[in-house]
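K.L.:
The structure's right below; bear with me while I get my questions together.
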Amino acid sequence: MKSTKLTGAVAFVAAATMMLGACGSNNAAGDGASIPAFDPNAKTTITFGAWALSQSPEFTYLKEGFMKKYPNVTVEIKEYSNDNYEKQLTADLSAGKPTDVIPLKSMNSYYTYAVESKGLADLTDIAKSFDSKNLDSSTHELDGKYYGIPYRRDFWVMYYNKDIFEKTGVAAPDGTWTWDDYVKTAEEMKTALKKAGYGDDVYPTFTWNKKSFVQDFANNQSQKDPKASMLSGDYNYFKPYYERALKLQDEKLALDFNTLTSTKVTYQGLFGSQKIAFFPVGNWYTSALVSSQKNGDAEKFNWGIAPVPQNPDKSTNTQTDKPVTVAGAMGLAVSKYATGQKGAAAREFVKWAAGEEGALELAKNGVSPAYLSDKVTEAYLGAEGMPTDELSKKTITDFDTKVSAPVVTGKEISKITTLLNDAHSAIMTETTPIDQALADAGQKAKDAGVVK
């Protein structure tokens, strides 16, 4: 999978928007049924899957924006469980009753939905209608076909509470941190928090209990070809990243894995209540934080965005002159069971959401869309509540990325992901030493025949 490189706001290409016309009368859904042309005057209701609406307002933004343009179409949101979205969606697909528009939360399951269950409609014509300068759909290409189209562009950044750094006197992020600097600052912050009068429930940082916090960074920042590394069966390159993660929890610089898993405490709640000073997570959190501060669910404080820390091992670091981060594109699909005018409206919703109009609805609310243009970039950087300092602006427009779990590996990546999830839990619960857990994952992958 090719790298995505953004080189500043100028890289958000100035190009005339290619607005897509209505679907032709011979477009077919995944089950072969003919889809008519979209009729904006026909009274139609479509369903739209979503999760964690209070933390992910993007679904509502898209719903309201589309209904404003097409008042005869009603979009009904079906909220799934945030933690069990894929399991519940799989059950709905098996029963032939998914929502008409399906958000693709994880690329690990995309192959299963599109190829194995055959539950998604073919959207190749829509994907190829976009100018690749504005929208790169290659993340969702499977053997020349597209069953999903990206609408949101996710990449990891580091959020930090400017007020806490100012009060404690600890030097704030400057865009040059390595992971060693990250740990060192956490240690300094722990002492400074006590001196500044903060309670024991305030931690320097936060380590998400998902494997992505450790493994995705190792894949992107230390491996030239993440796909080959994932398929190699040799996962020892994760070790230094796990050593730092264990140090953070063992020294109580962050809540430990077991506590996070048992209490289900969230980074949104902790950062929003000023219980953590800095931490890395996907930029999808931006819109939720902005919204939470507006409606009072989060405290009012000054915050900023900085690049994620970089691999301190220069011998394996794959970056050039830009920070390397974890990134991916979240897509929208259409159920193959959505036929007739319902199917036409669902397809229209997807191409509107993935295009410039949908992108602007997201961008003006602090959500980073997949569609790129100068107008979209201006809207995103100017969204109400967004930090306006130069480091924050540069962080969200100037970085290098690679896809951590390439979809082209199909079933193999899904099986490997399960094994690496098990290894992650074994390491972070400290029930298995790092070397053994990683070796076990590699051996099981070889025994299963998914790696060489």
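K.L.:
Taking the chain as the reference, fit the longest principal axis to its C-alpha atoms, fit the long axis of helix 434-447 to the helix C-alpha atoms, and give the angle between the two in degrees, 0 to 90, nearest 10.
P.N.:
Long axis of 434-447 versus the principal axis of the chain: about 30 degrees.
K.L.:
Over all directions, what mean area does the Cα convex hull of the stretch 168-287 project, stated in square nanometres?
P.N.:
8.5 nm²
K.L.:
Still on this model: I want the local charge near residue 433. Using Cβ-Cβ distances under 12 Å, sum +1 for each Lys or Arg and -1 for each Asp or Glu among the other residues.
P.N.:
Within the 12 Å Cβ shell, the charges total -3.
K.L.:
Can you compute the FRET efficiency between residue 172 and residue 97 using 1/(1 + (r/R0)^6), with r the Cβ-Cβ distance and R0 = 60 Å? Round to the nearest 0.05. Display every interim value, and only then the final one.
P.N.:
On the way: r = 50 Å, r/R0 = 0.83.
Efficiency, rounded to the nearest 0.05: 0.75.
K.L.:
How high is the FRET efficiency from residue 357 to residue 429, r the C-beta distance, R0 41 Å, rounded to 0.05?
P.N.:
That gives a FRET efficiency of 0.30.
K.L.:
Another question about this same structure. Which value, in nm² and rounded to one decimal, describes the direction-averaged projected area of the C-alpha convex hull of the stretch 227-274? Numbers along the way, then the final one.
P.N.:
Details: hull surface 19.8 nm².
So the mean shadow area of the Cα hull is 5.0 nm².
K.L.:
Let me have the relative contact order for the chain, percent, based on Cα pairs under 8 Å that are six or more residues apart.
P.N.:
After rounding, I find 29 percent.
K.L.:
Against the longest alpha carbon principal axis of the chain, how many degrees, from 0 to 90 and to the nearest 10, is the axis of helix 85-94 turned?
P.N.:
Orientation of helix 85-94: about 30 degrees from the principal axis.
K.L.:
Hey, another quick one. Quick one: Karplus J couplings for the stretch 300-310, per residue in order, coefficients 6.51, -1.76, 1.60, θ = phi - 60°, nearest Hz, x for Gly and Pro?
P.N.:
My calculation for the stretch 300-310 gives 8, 7, 7, 9, x, 10, 10, x, 5, x, 10 Hz in order.
K.L.:
P(r) tail for the stretch 165-238, what percent of Cα pairs lie past 13 Å?
P.N.:
Considering the stretch 165-238, 73 percent of its Cα-Cα pairs are separated by more than 13 Å.
K.L.:
Can you give me the distance in nm between label points at residue 243 and residue 421, each placed 7 Å from the Cα along the Cα-to-Cβ direction?
P.N.:
Output for this residue pair reads 2.9 nm.
K.L.:
Starting from the Cα of residue 389, step 7 Å toward the Cβ, then list every residue of the stretch 257-294 with an amide N under 15 Å from that point.
P.N.:
So the set is 277-279.
K.L.:
Near the amide H of residue 50, under 5 Å away, which other amide H atoms are found, from residues 5 or more places off or on another chain, if H is placed in the peptide plane?
P.N.:
Counting only residues 5 or more places away or on other chains, the set is 78, 80.
K.L.:
What is the extension gain from residue 294 to residue 79, computed as 0.36 nm multiplied by their sequence separation minus the C-alpha to C-alpha distance, in nm to one decimal?
P.N.:
Here the answer is 75.1 nm.
K.L.:
OK, next. Which of the lysines could a cross-linker span from residue 162 if the Cα-Cα distance has to be under 21 Å and same-chain partners fewer than 8 positions apart are dropped?
P.N.:
Here the lysines satisfying the reach criterion relative to residue 162 are 184, 190, 194, 195, 275, 294, 300, 393, 394.
K.L.:
Okay, moving on. Once you have the Kirkwood Rh of the stretch 345-405 from its Cα pairs, apply Stokes-Einstein at 20 °C and 1.002 mPa s and quote D in µm²/s.
P.N.:
170 µm²/s
K.L.:
Another one. If you put +1 on each Lys and Arg Cβ and -1 on each Asp and Glu Cβ, how big is the dipole of the stretch 337-392 around its Cα centre, in Debye rounded to 20?
P.N.:
480 debye
K.L.:
Can you work out D for the stretch 240-334 in µm² s⁻¹ from Stokes-Einstein, where Rh is the Kirkwood radius over C-alpha pairs, the temperature is 10 °C and the viscosity is 1.306 mPa s? Spell out each step's value before the answer.
P.N.:
Details: Rh = 16.1 Å.
D = 99 µm²/s.
K.L.:
Shifting gears a bit: Between helix 58-69 and the chain, what is the angle of the helix's C-alpha long axis to the longest principal axis, kept within 0 to 90° and rounded to the nearest 10?
P.N.:
For 58-69 against the chain, the angle is about 30 degrees.
K.L.:
Using a Cα-Cα cut-off of under 13 Å, which aspartates and glutamates could be cross-linked to residue 68, ignoring same-chain neighbours fewer than 8 residues away?
P.N.:
Qualifying aspartates and glutamates at Cα under 13 Å: 357, 361.
K.L.:
For residue 184 paired with residue 88, estimate the spin-label separation in nm (one decimal), with each label point 7 Å from Cα along the Cα-to-Cβ line.
P.N.:
Once both label points are built, they end up 4.5 nm from each other.
K.L.:
Let me ask something else about it. Provide, as a two-decimal number, the C-alpha radius of gyration of the chain over 2.2 N^0.38 Å, N being how many residues it has.
P.N.:
On the way: Rg = 22.0 Å, N = 452, 2.2 N^0.38 = 22.5 Å.
Against the empirical 2.2 N^0.38 Å value, I get 0.98 for the chain.
K.L.:
Can you list, largest first and rounded to whole Å, the semi-axes you get for the stretch 101-201 by taking the square root of 5 times each eigenvalue of its Cα gyration tensor?
P.N.:
For the stretch 101-201, the semi-axes come out at 46, 16, 12 Å.
K.L.:
Can you give me the Cα centroid spacing of the stretch 187-217 and the stretch 293-349 in angstrom?
P.N.:
After rounding, the separation between the Cα centres reads 23 Å.
K.L.:
Mind checking the full-extension length gain between residue 313 and residue 261? Use 0.36 nm per residue of separation minus the Cα-Cα distance, one decimal, nm.
P.N.:
Here the answer is 15.7 nm.
K.L.:
Summing +1 for each Lys or Arg and -1 for each Asp or Glu, what net charge is found among the other residues whose Cβ lies under 11 Å from the Cβ of residue 329?
P.N.:
Numbers: positive: 152, 153; negative: 136, 154.
Residues near residue 329 contribute 0 overall.
Bear in mind that the values in this text are calculations on the coordinates, not laboratory data. Treat the numbers as computed from the prediction; the structure is a model and nothing was measured. All Cβ positions, even for glycine, are placed from backbone atoms using ideal geometry, and neighbour counts span all protein chains on display.
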